[in-house]
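The values are calculated or read from the model by the stated rules, or taken from the named source; none is laboratory data. Bear in mind the structure is a predicted one, so any value in this text is a computation, not a measurement. Backbone-built Cβ (ideal geometry, glycine too); neighbour counts: all protein chains shown. These accessible areas exclude ligands, DNA and RNA; they are computed on the full protein's heavy atoms, side chains included. Shrake-Rupley method; radii C 1.70, N 1.55, O 1.52, S 1.80 Å.
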Amino acid sequence: MTLIATTRSADPLLVQFGAVRSLAVSLADPLSDADASAQSMPDASPAKWHLAHTSWFLETFILTGRPGYRLFDDRFNYLFNSYYEAVGARHARDRRGLITRPSLEDVLAYRAHVDAGMDRAWNSFDAATRTLIELGLNHEQQHQELLLTDILDLFAANPMEPALFPPSEVPAARQGDGWTAHAGGIHRIGHTGTGFHFDCEGPVHDVLIRPFALADRLVSNGDWAAFIAGGGYADPALWLSDGWAWVQKNAIAAPLRWRHGDDGWTSFTLSGRRPVDPAAPVTHISFYEADAFASWAGARLPTEAEWEVAAASEDASAGNQLDRSGPVQPLGSAGLFGDCWQWTASAFLPYPGFRPAEGAVGEYNGKFMNGQMVLKGASCATPRGSSRASVRNFFYPHMRWQFSGLRLAKDA
């Protein structure tokens, strides 16, 4: 990586570029070529695919066609396109694990080639191109989180249950059981200010909210163990119809990767299989499970707007002022950012007045506004510095391989 060492390092975007691109490579440092090539399920991707795809994004949308730039390998456009119909054909997502070549070493060479091309062209980038680079970097941060969650799923499927990181010896702090009340009325949500945001975070608009209260902490593993012991997975009255059908069809009886033994519950983590910490936030649950727990607890899930209003009442920028060195260190269970993504009761739909961007990058979010639910906050795998109150994560209601949890709400 030569970019940060250049005399242009005072350029904040260039500094961000170096930091983001370096972090992605460091996350892959513990991986073997086999680790980086395998795919555990259709929703996951191999680590080296994430590393290559984010470089493909920069090569395709920034570098291709610029004087002096040559493609690293013209076959990569097919291999590492994700879903951009306007760019051309691509390898099927559920068959990415068959890309045994190029090797991880080749992919890292590809990244170095793209970085060098960006370095040579940097002084020629106009304002529109810099905006696109900023999108590419935030896009890469999303893939850094996916790289970790996909490796977690892969290692969980390995009978050896390997660890990616050493375990933390610091147990989660037990939080209180209070609620914070929030006034009703007309509130403005969506991204404001001049910083980066994804297109789906706007336009800013007004919403009418009734008075509500939000729990001061996330639902914990101890809470979830009580839900299991209380028959939560066996009571159809707690579940949405689709959720109950999902539970029955898949024999769901605990969060993903939980296992009960003589010594109680354990879960598989990025540090291998570990005893479940009762005070830590529960993670790897679906929207269906979150909704059922809320019913069991006599509460409900917050709406997207309620969560964002609550975040705005705190200093939501605090999540951006903490450690920017990388993901994985939680920011505290009482905070709205940094432990797990939190399911809301809101569908992922366009905000009033939303219009996708022109061209292929307009496919980034708008095409997914159907059948998915919004999650707010940020997880322990989210790169630090990329959190905002307005961020809208989204997944289908049955998905739970992400660090997804919940925070309860109730009417005030």
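For segment 25-46, which residues satisfy the criterion of being touching a Leu at 6+ places or on another chain (Cβ under 6 Å) and under 13 Å from residue 101 (Cα atoms)?
Matches in segment 25-46: 33, 36, 38.
Out of all the residues in segment 259-285, which are under 20 Å from residue 155 (Cβ atoms) and part of a strand (DSSP E or B)?
259, 261, 265, 266, 267, 268, 269, 272, 273, 274, 275, listed by residue number.
Considering each of 266, 283 in turn, give the residue that is within 29 Å of residue 161 (Cα to Cα), over 20 Å from the mean Cα position of the chain (by Cα), polar (S, T, N, Q) and modelled with pLDDT of 95 or more.
Answer to the check: 266.
Considering only segment 74-95, state which residues are under 20 Å from the mean Cα position of the chain (by Cα), crowded, with 19+ Cβ neighbours inside 10 Å and in a helix (DSSP H, G or I).
If the condition is that a residue be under 20 Å from the mean Cα position of the chain (by Cα), crowded, with 19+ Cβ neighbours inside 10 Å and in a helix (DSSP H, G or I), then 80 is the only one that fits.
Which of the residues that make up segment 34-73 are within 18 Å of residue 131 (Cα to Cα) and outside any loop (DSSP other than H, G, I, E, B)?
54, 55, 56, 57, 58, 59, 60, 61, 62, 63
In segment 240-256, what residues are open to solvent by 30 Å² or more (accessible area, probe 1.4 Å) and either in a loop (DSSP other than H, G, I, E, B) or among the charged types (D, E, K, R) (or both)?
Within segment 240-256, 240, 242, 249, 251, 253, 256 qualify.
Only one residue in 376, 410 is in contact (Cβ under 8 Å) with a residue 60 or more places away in the chain, touching a Lys or Arg at 6+ places or on another chain (Cβ under 8 Å) and crowded, with 23+ Cβ neighbours inside 10 Å. Which one?
Values: 410 fails: crowded, with 23+ Cβ neighbours inside 10 Å.
From the options 376, 410, the qualifying one is 376.
Quickly run through segment 225-250 and pick out the residues that are aliphatic (A, V, I, L, M) and under 26 Å from the mean Cα position of the chain (by Cα).
Here is the first cut: in segment 225-250, the ones aliphatic (A, V, I, L, M) are 225-226, 228-229, 234, 237-238, 240, 245, 247.
Within segment 225-250, 225, 240, 247 meet the criteria.
Provide a single number: the residues in segment 88-114 that are aliphatic (A, V, I, L, M) and closer than 14 Å to residue 47 by Cβ.
Of segment 88-114, the ones aliphatic (A, V, I, L, M) are 89, 92, 98-99, 104, 107-109, 112, 114.
Narrowing the set further to residues that are closer than 14 Å to residue 47 by Cβ leaves 99, 104, 107-108.
Summing the residues that are aliphatic (A, V, I, L, M) and closer than 14 Å to residue 47 by Cβ in segment 88-114 gives 4.
Can you name every residue in segment 193-239 that is free of Cβ contacts under 8 Å to residues at least 12 places away in the same chain and assigned to a loop (DSSP other than H, G, I, E, B)?
193, 194, 231
Against the condition at pLDDT 95 or above and not aliphatic (A, V, I, L, M), how does residue 388 come out, does it pass?
Considered against the rule, which asks whether it is at pLDDT 95 or above and not aliphatic (A, V, I, L, M), residue 388 comes out as no.
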